[in-house]
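Just below is one structure, and these are the notes that go with it.
The values are calculated or read from the model by the stated rules, or taken from the named source; none is laboratory data. Keep in mind that this is a model prediction, so the values were computed, not measured. When we count neighbours, we look across all protein chains shown, and the Cβ atoms used for this are built from the backbone with ideal geometry, even at glycine.
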Amino acid sequence: MIVMLRMLMEELATGASAEEMASALFEKIKKSRLNAYNILSEDSALERAREFDRSPWTGLMAGVPIAIKNSISTRGIETNCSSRILSGYIPPYDATVIERLKEEGAIIVGKTNMDEFAMGTSTETSRFGPTRNPWDTDRVPGGSSGGSAAAVAAGEAPCALGSDTGGSIRCPASFCGIVGLKPTYGLVSRYGLVSYANSLEQIGPLTLSVEDAALVMEVIAGHDSRDSTSVKSDVAYLSGLDDGVEGLVCGVPKEYFGEGVDPSVEKAVWDAISKLEELGASVKEVSLPSTKYALAAYYIIAMSEASSNLARFDGLRYGLRFGADQDWHTTFSDIRAAGFGPEVKRRILLGTYALSAGYYGRYYLKALKVRTLIKQDFERALAAGGADVLVTPTMPFPAFKIGERIEDPLSLYMADVFTVPINLAGVPAISVPCGFADGLPIGLQIIGRHFDEKTVFAAAKAYEDATSYHGAVPREVV
Amino acid sequence: MAEKDVIIGLEVHVQLNKLNSKLFCGCSTGYHDAPPNTHTCPVCLGLPGTLPVVNRRAVEYAIRVALALSCEIQGETLFYRKNYYYPDLPKAFQITQYDFPLGLGGAILIRGEDGEEKKIRITRVHMEEDPGRLVHAGTIDRAKYSMVDYNRCGMALLEVVTEPDLRSPKEARSFLDKLRNILEYLDVFDGNLEGAMRIDSNISLAGGERAEVKNISSHKGVEKALAYEITRQRSARRRGVAQVQETRHYDELRGITVTIRTKEEAHDYRYFPEPDLVPMRIADWVPKVKAELPELPDSKRGRFVADYGIADDHAKSLTSEIRVANFYEDVAKRSSPRLAAVWIADVLKGELNYRDATIDSFSPDHMVEILSMLERGEITEKGAVEVIRTLLDTGGDPAGVVEAKGLAKAEDDAVKVAVRAAVEECAQAVADYRSGNEKAINFIVGMVMKKTRGRADPGEANRLVKEALDET
């Protein structure tokens, strides 16, 4: 039985035991074959739950268990980005989002599996092995927040946090048939999120319903003085949820359909567009002409930033350390050689190359220019008098088989074609379930204007209320 | 000595150590007497997930310095990442202004080798974070292991880069002294703290490649290292060995420089804009910072000459350190400004220098008291010097020292008695004087001084002896 957050909190408020609820959850996780979690914080979670039962506190998420992606720092709980190089690293501080969750009474269940350092689209690059998709355990859950998505889809957590650098929340939400939001860049503090590509990524919620996503956003969003890129914004998302789509203009970018898109996905998305029309929205075709350059620009920027971000992992202060130390260069080289997986190494090398003297202008600077063009595409399409939101497929195809693409990085990179432009532009986008292809969930992506999560939520909620996909329960639920 | 073919340019790293917190985090800057790694936090340790936030006060201080060095303040500034691996750099990159320095194109006036004022051009002034500190077990080239102290890591640094306008080690030192003076005037810097200023010197002989001597923390050390380099490069040239572009380390103990790396091994720092920080429009800050800018050495010097009627040389000496200038003004307001200038610039500074002491070790109240005793004729100049020395060496107060050492000027009566006795005893000198040898009077005055054990004022004694001789 899958429970939405509001129902869960009502139960807690009317006397259900938080401890029993948490124990049941841990039981379920331990029996699971999905490999959604890397680390369980069972003792501290049960302790918190007992405290709650003794003297219940209030708060937007009072007593609610939540799963956290393994790249978000949690004080006292190992945070290793599913990488060997950070094994044993226990942060001495909480990420801002964790502080806010705790302030609102949430209980942390554990850290979820992910592609190593969020570099992947399938959660297969994790040093802990792949997470399985609860709809078909031979398939990937998507990535990089695959553990968070699988946990929520399978009822191993009522909600989760992920991070989205190029689709890492929306892709697994789409593959696992749940809701995932990539907020506007600057809306949620990144303080405490282990950086992959700073200028692109945001922390966001993975939930079973749009309302749940809005609730989690009310808790985690808002300005943080510890993140210079964070912005002051109104975060009262729950209040406008039922505004509907009457009079809303839905733009359909023509570049997001056609070649490379699985026909069943294309059909499901067109059905969703018709549904929105039925609900009172109007639909118009728009064009995002720079889309074809997005993948190249995205990977250059992300890898460049990553090559710098990941340089600090040298084993000197925390994380992997082995054998007797030799001289400085040998020691840290050996640690990095053993500590990073092949995909991470690939991206560090490519990023280092792109930033090198003589190549910087040809790659990094050019990518930044493309980024500006892509941002302009979205601003034009979403300008006043144009569309209010854009509607596209989240992923070009449903979940693929474990092992099917991992040996072919380029084909994996291609899978991000509809998600990365959103990160380059910094706009918000949600993925909501919009159908099935051979039993595998399909995701609908709704993109909004900068800091206009409210309209995105309202459109997604209206669609969700008018369909039943989000209530479907996968096979692999213990 | 200035040699025409010597070309020196400096890169000076100045710690803005009067700030309360570091450049990108809230850690205290007061680590100088603290145990290692006690002034750190997740941000300055670069723990995964942490983000920098610019200390606005640090930027204001930096603008203050750039303005004082007559730089043009840029409209917008941006931080970059300079990527390299080193154990003292916990993020493996240093956040630094790179393409967007805060200030461009300034200058400092120094007194050149020829004694004339000389303009040393400042190329740029930019901000960056200080790395941690490595403590080697032994010397840098032989240490078995090293330890890292991150207390310093993340301190706000200002890098001041000169054009290659310096022509001798002495000029380099004058530049550094003047820069330090300006920084202390601006109240952004305390040069007495360990590691407050670190200097990289680029030196070449005309037509040759340059050597960069890195990371020297004393002005004297820079002067010595540069002198060594000139000798080394000259002798290499004589032997026909070409200087290659290289980085060298100054070994203070051995007084020599040793090569660390050559150009072929130079780093590619892969600079790119720091994505965790946003551009700052600093142009808008300038008016406020300008309004708060304190008086600088050169204008203070002019004002001292105009307001107190003192000699320019004295004014220059008094303004060469903000603490001395403040000491002087304090004393000048309570006594004769000209007398104060002479006694502070010529006497007190010399005595301090001899003892390697600072002006803080002398009380302005004591100076006022000494000057007033002098003016009232209660002590002689020689006595005043003795009082100053005694106060510096053993402490106490001026009146007490005068009392204890019997430095009070002899009463007139006693001098007169001595004069009469001297005139009687020195019959030969008296005769000589009367027969036209005026110099003979000196012998008699000397006798008076001897009889009064030096407490008589020599001028006064001279006058009295003359009177006595003319009377009889």
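Yes or no, residue by residue, for (1) in contact (Cβ under 8 Å) with a residue 40 or more places away in the chain; (2) on the phi < 0 side of the Ramachandran plot; (3) within 11 Å of chain A (Cβ to nearest Cβ):
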| residue | (1), (2), (3) |
| --- | --- |
| B:Leu16 | yes, yes, no |
| B:Tyr31 | yes, yes, no |
| B:Asn37 | yes, no, yes |
| B:Val54 | yes, yes, yes |
| B:Ile63 | yes, yes, no |
| B:Cys71 | yes, yes, no |
| B:Gln74 | yes, yes, no |
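Tallying residues that are more than 11 Å from every other protein chain (Cβ to nearest Cβ) and among the basic types (Lys, Arg) within region B:130-149 yields 2. Residues in region B:372-426 that are among the β-branched types (Val, Ile, Thr) and part of a loop (DSSP other than H, G, I, E, B): B:Ile379, B:Thr380.
Residues that are within 31 Å of the chain's Cα centre (by Cα) number at least 2 in the following strands (runs of 3 or more DSSP E) confined to region B:73-147: B:93-96, B:103-111, B:117-129, B:133-136.
Which of the residues belonging to region B:274-289 are touching a Leu at 6+ places or on another chain (Cβ under 6 Å) and either modelled with pLDDT under 95 or closer than 24 Å to B:Ser335 by Cα (or both)? Give the steps one after another, and end with the answer.
Here is the first cut: in region B:274-289, the ones touching a Leu at 6+ places or on another chain (Cβ under 6 Å) are B:276, B:279.
Within region B:274-289, B:Pro279 is the sole residue that qualifies.
Might you check whether a residue that is under 18 Å from the mean Cα position of the chain (by Cα), of a type outside the set (Asp, Glu) and surrounded by fewer than 19 Cβ atoms within 10 Å (Cβ to Cβ) occurs anywhere in region B:327-339? Checked against the condition, which is being under 18 Å from the mean Cα position of the chain (by Cα), of a type outside the set (Asp, Glu) and surrounded by fewer than 19 Cβ atoms within 10 Å (Cβ to Cβ), region B:327-339 yields no hits at all. Confirm whether B:Asp177 is at pLDDT 95 or above and either in the same structural domain as B:Thr139 (by TED's automatic domain parsing) or farther than 30 Å from B:Pro42 by Cβ (or both). No.
Restricted to helices (runs of 4 or more DSSP H) entirely inside region A:1-95, those with at least 2 residues that are basic (Lys, Arg) are A:18-31, A:42-54.
Any idea which residue in region A:182-211 is nearest to the other protein chains (Cβ to nearest Cβ), counting only those that are touching a Lys or Arg at 6+ places or on another chain (Cβ under 8 Å) and surrounded by 24 or more Cβ atoms within 10 Å (Cβ to Cβ)? Within region A:182-211, the match that is nearest to the other protein chains (Cβ to nearest Cβ) is A:Tyr191.
Do we have A:Arg347 as within 11 Å of chain B (Cβ to nearest Cβ), surrounded by 16 or more Cβ atoms within 10 Å (Cβ to Cβ), assigned to a helix (DSSP H, G or I) and basic (Lys, Arg) here? Walk me through how you get there before you give the answer.
Numbers: within 11 Å of chain B (Cβ to nearest Cβ): no; surrounded by 16 or more Cβ atoms within 10 Å (Cβ to Cβ): yes; assigned to a helix (DSSP H, G or I): yes; basic (Lys, Arg): yes.
No.
Looking at region B:399-424 only, could you name the residues that are modelled with pLDDT under 85, at negative phi and not hydrophobic (A, V, I, L, M, F, W, C)? Matches in region B:399-424: B:Lys405, B:Lys409, B:Glu411, B:Asp412, B:Asp413, B:Lys416, B:Arg420, B:Glu424.
From the set of residues in region B:48-61 that are of a type in the set (A, V, I, L, M) and out of contact with any helix residue (DSSP H, G or I) (no Cβ under 9 Å at 6 or more places or on another chain), which is surrounded by the most Cβ atoms within 10 Å (Cβ to Cβ)?
Step one: of region B:48-61, the residues of a type in the set (A, V, I, L, M) are B:51, B:53-54, B:58-59.
Pick out the ones that are also out of contact with any helix residue (DSSP H, G or I) (no Cβ under 9 Å at 6 or more places or on another chain) and you get B:51, B:53-54, B:58.
Values: B:Leu51: 25, B:Val53: 18, B:Val54: 18, B:Ala58: 23.
Going through the qualifying residues, I end up with B:Leu51.
Going through (1) more than 11 Å from chain B (Cβ to nearest Cβ); (2) farther than 19 Å from A:Met414 by Cα; (3) in a helix (DSSP H, G or I) one by one, A:Ala294 falls short only on (2). Identify the residue in region B:76-115 that is in contact with a Cys (Cβ under 7 Å, 6 or more places away or on another chain) and more than 11 Å from every other protein chain (Cβ to nearest Cβ) and, among all such residues, is nearest to B:Asp276 (Cα to Cα). Of everything passing the filter in region B:76-115, B:Gly103 is nearest to B:Asp276 (Cα to Cα). So, of the residues in region B:351-384 that are touching a residue at least 12 places away in the same chain (Cβ under 8 Å) and among the charged types (D, E, K, R), which turns out to be nearest to B:Glu321 (Cα to Cα)? Among them, the one singled out is B:Asp360. Count of region A:426-478 residues, restricted to those that are within 30 Å of A:Ser230 (Cα to Cα) and not in a helix (DSSP H, G or I), is 18. Considering region A:308-344, the residues that are buried (at least 24 other Cβ atoms within 10 Å of the Cβ) and either within 11 Å of chain B (Cβ to nearest Cβ) or touching a strand residue (DSSP E or B) at 6+ places or on another chain (Cβ under 6 Å) (or both) include one that is farthest from A:Thr165 (Cα to Cα), namely A:Asp314. Would you call A:Asp243 within 14 Å of chain B (Cβ to nearest Cβ) and in contact with a Phe, Trp or Tyr (Cβ under 9 Å, 6 or more places away or on another chain)? The answer is no for A:Asp243. When we screen A:Phe332, A:Phe322 for residues that are part of a helix (DSSP H, G or I), under 25 Å from B:Leu134 (Cα atoms) and among the aromatic types (Phe, Trp, Tyr), the only hit is A:Phe332.
State the number of residues belonging to region B:162-173 that are outside any loop (DSSP other than H, G, I, E, B) and surrounded by 19 or more Cβ atoms within 10 Å (Cβ to Cβ).
Within region B:162-173, the first condition is being outside any loop (DSSP other than H, G, I, E, B), and the residues that meet it are B:162, B:166, B:169-173.
Checking the rest, the ones that are also surrounded by 19 or more Cβ atoms within 10 Å (Cβ to Cβ) come to B:162, B:166, B:169, B:171-173.
Number of matching residues: 6.
Only one residue in A:Ala462, A:Ala437 is buried (at least 22 other Cβ atoms within 10 Å of the Cβ) and out of contact with any Cys (no Cβ under 8 Å at 6 or more places or on another chain). Which one? When all the criteria are applied, what remains is A:Ala462.
Take residues that are more than 14 Å from chain A (Cβ to nearest Cβ) and within 30 Å of B:Val289 (Cα to Cα) and tell me which of the strands (runs of 3 or more DSSP E) falling wholly in region B:175-277 contain 2 or more. Write out each step before concluding.
Working: elements: B:197-205, B:211-216, B:246-251, B:256-262.
The qualifying strands (runs of 3 or more DSSP E) are B:197-205.
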